[in-house]
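Report on the structure given below.
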Amino acid sequence: MIGFKKRDTKDLLKTIARTHGISVAEVREEMQATIDEARNSPDPEKQAEFKKYFGNSTPTPEEFIYIMTKKLNRKL
């Protein structure tokens, strides 16, 4: 498994921001909007998948990255 810690998510957000020439706040806003859109999807299958990973809560961008990275690493 690839070593990935929660603090690594902040570095990743900084790298994304630098790469795209935007602020970390803008990266977080875009990611949060996408997370909210996925959570509130009218598609029952997408809702079930989201709930499987995050329950009834809405993750922050950092939580989303960390949790999904852990899930993907388990599959490798």
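The values are calculated or read from the model by the stated rules, or taken from the named source; none is laboratory data. As the structure is a prediction and not an experimental result, all values here were calculated from the model. Cβ atoms come from the backbone with ideal geometry, glycine included; neighbour counts cover every protein chain shown.
Among residues of the stretch 18-32 that are over 17 Å from Glu62 (Cβ atoms) and of a type outside the set (S, T, N, Q), none has a beta-carbon under 8 Å from a residue that is assigned to a loop (DSSP other than H, G, I, E, B) and at pLDDT below 95 at least six positions away or on a different chain. Scanning the stretch 7-36 for residues that are of a type outside the set (Val, Ile, Thr), in a helix (DSSP H, G or I) and over 12 Å from the mean Cα position of the chain (by Cα) yields Arg7, Asp8, Asp11, Lys14, Ala17, Arg18, His20, Ala25, Glu26.
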